Amino acid sequence: MIIDCHGHYTTSPRQHEAWRTEQVTAHGEGRPAPPRPAIRDDEIRASIVNGQLRLQRERGTDLTIFSPRAAGMGHHLGDATTSEAWASACNELIHRVCSLFPQNFVGVCMLPQTAGVSPRNCIAELERCVLQYGFVGCNLNPDPSGGYWKDPPLGDRYWYPLYEKMVELDVPAMIHVSAACNPAFHTTGSHYLNGDTAAFMQCLTSDLFKNFPTLKFIIPHGGGAVPYHWGRFRGLAQDMKLPPLSDLLLRNVFFDTCVYHLPGQELLTRVIPLENILFASEMIGAVRGIDPETGHPYDDTKRSIEQLPLAPGDKAKLYEGNALRVYGRLSAQLAKQSAR
Ligand SMILES: [Zn+2]
């Protein structure tokens, strides 16, 4: 089985995102949000059949671990109440996709985060999504302020109540920022990759995994700058008298393959142990064009992985085994969904 661990519902029916705009406007004007729009099953079906499902079939992948649109999370907009209502609406829609296409999609939730509000506030929604919807993970935004980095780093005890619940539920987090509202940062070109790199260093300089030995993070977009600068990170850890990165972080931190060219994939798989890499494409995401150098879509990451000199056992880990290990609830959820 080929599991794509990083997909967002970027093709959701128009009225869903339109409601978000109305909700944020109403909040700004001190009015209550309008009622949520009706979305019919056939609208959801059409958005998937002509979108992510079509690409799964064309590219030969089997399952997408699917979450709400990341740039749309917008944790810097509104307040804790608007974030709760928006997260709930987005997660419900993911649940409906997974119910309509149980063989092809398993859910991951966004969290109702707000800058300056305790992550404890996210526990109820996480629990609801995992226990009621059968979701297998969450997306955790390390910077809910949208590019101003106002909250404590991920190693801080500020985040611990959420980590305790993640460990209890056996769900990992993909560390994923949302849109940047700081004009210095381009959302997907700089803020995303900065977020990935910053999150890794926050983990490196903390006791996080000593205190939570079973907590798991997936750092997306190939780990930002991390694999490329692996020597720097190893050297920094050594100077700080920390254990080697394999002992310090690699039982807990994993990287995906959302790197949109072959040389990047080659570097990723040479530098990072295969046990720590999960296949992903983030298709119909940040980069939707065709690479004129190859004639193929940039986000068809499977195509470049197929060109890597990987042993069949290693390829199986990257496509399936590692995801089943990192997402502790995935096997059971798949069994449940395929019985439908
Ligand atoms: Zn993403």
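Observations on the model:
- Among residues of the range 312-340 that are open to solvent by less than 60 Å² (accessible area, probe 1.4 Å), those with a beta-carbon under 7 Å from a residue that is among the charged types (D, E, K, R) at least six positions away or on a different chain give the pairs 322/275; 326/216; 328/170.
- Residue 167 part of a helix (DSSP H, G or I), open to solvent by less than 60 Å² (accessible area, probe 1.4 Å), within 30 Å of residue 336 (Cβ to Cβ) and touching a residue at least 40 places away in the same chain (Cβ under 8 Å): yes
- Scope the range 1-20; condition within 16 Å of the ligand (Cβ to nearest atom), over 15 Å from residue 92 (Cβ atoms) and touching a Leu at 6+ places or on another chain (Cβ under 9 Å); matching residues: 3, 4, 5, 6
- Check on residue 155, on the phi < 0 side of the Ramachandran plot, free of Cβ contacts under 8 Å to residues at least 60 places away in the same chain and in a loop (DSSP other than H, G, I, E, B): yes
- Looking at 272, 284, just one residue is out of contact with any Leu (no Cβ under 6 Å at 6 or more places or on another chain), more than 16 Å from the ligand (Cβ to nearest atom), within 30 Å of residue 9 (Cβ to Cβ) and hydrophobic (A, V, I, L, M, F, W, C), and that residue is 272.
- Taking the conditions (1) surrounded by fewer than 14 Cβ atoms within 10 Å (Cβ to Cβ); (2) closer than 27 Å to residue 8 by Cβ in turn, residue 243 satisfies each one other than (2).
- Sub-9 Å Cβ pairs linking a first residue in the range 239-257 that is touching a residue at least 60 places away in the same chain (Cβ under 8 Å) to a second residue that is of a type in the set (Phe, Trp, Tyr) and open to solvent by less than 10 Å² (accessible area, probe 1.4 Å), at least 6 apart or interchain, are 254/217; 256/279; 257/279, ordered by first then second residue.
- In the range 296-312, the residues that are in a helix (DSSP H, G or I) and either modelled with pLDDT of 95 or more or touching an Asp or Glu at 6+ places or on another chain (Cβ under 9 Å) (or both): 301, 302, 303, 304, 305
- Of everything in the range 170-192 that is outside any loop (DSSP other than H, G, I, E, B) and either of a type in the set (Val, Ile, Thr) or more than 16 Å from the ligand (Cβ to nearest atom) (or both), the residue that is nearest to residue 324 (Cα to Cα) is 175.
- Residue 12 open to solvent by 10 Å² or more (accessible area, probe 1.4 Å), in a loop (DSSP other than H, G, I, E, B) and touching a residue at least 12 places away in the same chain (Cβ under 8 Å): yes
The values are calculated or read from the model by the stated rules, or taken from the named source; none is laboratory data. Since we're looking at a predicted model, the values are computed, not measured. Neighbour counts are summed over all protein chains in view; Cβ atoms, including those assigned to glycine, are modelled from backbone coordinates with ideal geometry. We work out accessible area using only protein heavy atoms, side chains counted, and drop any ligands, DNA or RNA first. Shrake-Rupley method; radii C 1.70, N 1.55, O 1.52, S 1.80 Å.
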